[in-house]
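In what follows, a structure is listed as structure tokens, so that the remarks can point back to it.
The values are calculated or read from the model by the stated rules, or taken from the named source; none is laboratory data. Everything quoted here is computed from the prediction, not taken from an experiment. FYI the Cβ positions are ideal-geometry reconstructions off the backbone, even for glycines, and counts take in every protein chain you see.
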Amino acid sequence: MPAYLEILRRHGFTFDKAKGQNFLVAPGVCPRMAAAGAAAGVLEIGPGAGALTRELAKSSQKVVAVELDKRLLPVLDETLAGLDNVTIIPGDILALDLPALLKEQFAGMPVSVCANLPYYITSPVLMRLLELRLPLSRITVMVQKEAAQRLCAPMGTRACGAVTAVVEYFTEAKQLFPVSRSSFVPPPKVDSAVIQLTLRDAPAVAVADEAAFFRLVRAAFGQRRKTLANAVSAGLSLEKSRVQEALARAGIPQTARAEELTLQNFAALFEQLGTDAEKSSSNNRTPSDTKAV
Ligand code: SAM
């Protein structure tokens, strides 16, 4: 195994906090993640110095890793030397054309994502991977412990948020194992956990307009302390009485808050709001709830 820290030092590399650079150094964590996340084709986000990439390359046919920080490219050249099934793509995972990238790089191969995510973009990355409906089998990622709890929480419980609804809509989520902050250099302020999202063949609920459905969910959680009637009417610029009528028809108490609803409740409310919800404009397109889990 390459001496990653020594190689980084030799390249004059300094960690950039703004890019979420906490690199895994504890032995055992990368092999364990790779064992859970390996697939024929693997897309890795943020290979850093290549510790996880190297493990993934051992058990996968092809690994494609997208790295934002160009300073890491010569480091990766060195740490991944001799591995002919790894391709590094310089770029921003939030800006690249991912459907085209998957098609070009994996040509029909079953593909999964495995990554120690840069924590500042956990939620946007996961939302992008899911909402683009990429042909993925599984997403195995390290995230902050609190994010893991939120992403894997059952809907209808206090820990859930708008991201939970999107995750449950597209996937079955589970927490795999915790990872202590001391496993990283530099150590982050919080502990982490590895989670796995297994993509469903079909969404968990059927809705007429997916984008409008997620706008409703985000509006509801955008002001999660308010009742649904208030949060949804404010967030979607709808008359409160229309929302109250829809709640009654969907069999949801007028006093309910977003965190009390199952995904099926949300689908029923969306159906009862009908064209009101589909035409509405959201004031809460990126509430803090989905910007950062
Ligand atoms: N995989 C390495 C490991 O486990 O040691 C590094 C993980 S570190 C938490 C996150 C990595 O993501 C860093 O290498 C960082 O430069 C990279 N990164 C940050 N923002 C990114 C983005 N928007 N697109 C691609 N990579 C990004």
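Out of segment 134-163, which residues are under 20 Å from Asp201 (Cβ atoms) and either free of Cβ contacts under 8 Å to residues at least 24 places away in the same chain or in a strand (DSSP E or B) (or both)?
The answer is Leu136, Ser137, Arg138, Ile139, Thr140.
Answer with yes or no whether Ala100 is away from the ligand (no atom under 15 Å from the Cβ) and exposed (fewer than 15 other Cβ atoms within 10 Å of the Cβ). Step through it out loud before you land on a result.
Values: away from the ligand (no atom under 15 Å from the Cβ): yes; exposed (fewer than 15 other Cβ atoms within 10 Å of the Cβ): yes.
So Ala100 fits the description; yes.
Working only within segment 33-43, note down all residues that are within 13 Å of the ligand (Cβ to nearest atom) and either closer than 21 Å to Pro178 by Cβ or among the hydroxyl-bearing types (Ser, Thr, Tyr) (or both). Show your work before the answer.
Within segment 33-43, the first condition is being within 13 Å of the ligand (Cβ to nearest atom), and the residues that meet it are 33-34, 37, 42-43.
Those that are within 13 Å of the ligand (Cβ to nearest atom) and either closer than 21 Å to Pro178 by Cβ or among the hydroxyl-bearing types (Ser, Thr, Tyr) (or both): Met33, Ala34, Gly37.
Does Leu5 satisfy the condition of being within 21 Å of Ile139 (Cβ to Cβ) and more than 10 Å from the ligand (Cβ to nearest atom)?
Details: within 21 Å of Ile139 (Cβ to Cβ): no; more than 10 Å from the ligand (Cβ to nearest atom): yes.
No, not satisfied.
Has segment 84-93 got at least one residue that is under 26 Å from Ala173 (Cα atoms) and surrounded by 13 or more Cβ atoms within 10 Å (Cβ to Cβ)?
Keep residues of segment 84-93 that are under 26 Å from Ala173 (Cα atoms), which gives 92-93.
Applying the additional criterion that residues be surrounded by 13 or more Cβ atoms within 10 Å (Cβ to Cβ) yields 93.
Yes, segment 84-93 contains a residue that is under 26 Å from Ala173 (Cα atoms) and surrounded by 13 or more Cβ atoms within 10 Å (Cβ to Cβ).
Among the residues of segment 53-76, which ones are in a helix (DSSP H, G or I) and over 14 Å from Ser112 (Cα atoms)? Walk me through it before giving the result.
Here is the first cut: in segment 53-76, the residues in a helix (DSSP H, G or I) are 53-59, 70-76.
Of everything in segment 53-76, those that are in a helix (DSSP H, G or I) and over 14 Å from Ser112 (Cα atoms) turn out to be Arg54, Glu55, Lys58, Lys70, Arg71, Leu72, Leu73, Pro74, Val75, Leu76.
Out of Ser241, Ser182, I need the residue that is in the same structural domain as Arg138 (by TED's automatic domain parsing) and either in contact (Cβ under 8 Å) with a residue 60 or more places away in the chain or hydroxyl-bearing (Ser, Thr, Tyr) (or both). Which one?
None of the others qualify; the one that does is Ser182.
Name the residue, out of Val29, Val66, that is within 27 Å of Ser180 (Cα to Cα), free of Cβ contacts under 8 Å to residues at least 60 places away in the same chain, surrounded by 14 or more Cβ atoms within 10 Å (Cβ to Cβ) and under 21 Å from the mean Cα position of the chain (by Cα). Break it down stepwise before answering.
Details: Val29 fails: free of Cβ contacts under 8 Å to residues at least 60 places away in the same chain.
On inspection, the qualifying residue turns out to be Val66.
With the requirement that a residue be away from the ligand (no atom under 11 Å from the Cβ) and assigned to a loop (DSSP other than H, G, I, E, B), what does segment 77-95 give you?
Matches in segment 77-95: Leu80, Ala81, Gly82, Leu83, Asp84, Asn85.
When the residues of segment 8-25 are filtered to those that are more than 10 Å from the ligand (Cβ to nearest atom), in contact (Cβ under 8 Å) with a residue 12 or more places away in the chain and assigned to a loop (DSSP other than H, G, I, E, B), which remaining residue is farthest from Ile121 (Cα to Cα)?
For segment 8-25, the residue satisfying everything is His11.
Just one of Pro154, Pro135 is closer than 29 Å to Ala256 by Cβ and of a type outside the set (Val, Ile, Thr); which is it?
On the way: Pro135 fails: closer than 29 Å to Ala256 by Cβ.
Pro154 is the lone residue from the list that is closer than 29 Å to Ala256 by Cβ and of a type outside the set (Val, Ile, Thr).
Failed condition for Met109, given (1) under 24 Å from Cys30 (Cα atoms); (2) away from the ligand (no atom under 15 Å from the Cβ); (3) in a helix (DSSP H, G or I), with all others met?
Evaluating Met109 over (1) under 24 Å from Cys30 (Cα atoms); (2) away from the ligand (no atom under 15 Å from the Cβ); (3) in a helix (DSSP H, G or I) leaves (3) as the failure.
If I filter segment 77-87 for residues that are within 21 Å of Leu130 (Cα to Cα) and free of Cβ contacts under 8 Å to residues at least 24 places away in the same chain, do I get at least one hit? Talk me through it step by step, then tell me what you get.
First pass over segment 77-87, keeping only residues within 21 Å of Leu130 (Cα to Cα): none.
Looking for residues that are within 21 Å of Leu130 (Cα to Cα) and free of Cβ contacts under 8 Å to residues at least 24 places away in the same chain, one finds none in segment 77-87, hence no.
Go through segment 187-271 and tell me which helices (runs of 4 or more DSSP H), entirely inside it, have 2 or more residues that are under 30 Å from Leu136 (Cβ atoms).
Numbers: elements: 210-222, 228-235, 240-249.
Those helices (runs of 4 or more DSSP H) span 210-222.
Any residue in segment 253-268 that's closer than 11 Å to Arg224 by Cβ: show its pairings with residues that are crowded, with 17+ Cβ neighbours inside 10 Å and among the polar types (S, T, N, Q) at Cβ separation under 7 Å, as long as the two are six or more apart or on different chains.
Listed pairs, sorted by first residue: Arg257/Thr227.
In this structure, does Ala49 turn out to be surrounded by 13 or more Cβ atoms within 10 Å (Cβ to Cβ) and either more than 12 Å from the ligand (Cβ to nearest atom) or of a type in the set (Lys, Arg) (or both)? Give the steps one after another, and end with the answer.
On the way: surrounded by 13 or more Cβ atoms within 10 Å (Cβ to Cβ): yes; either more than 12 Å from the ligand (Cβ to nearest atom) or of a type in the set (Lys, Arg) (or both): no.
Judged against the criteria, Ala49 is not a match.
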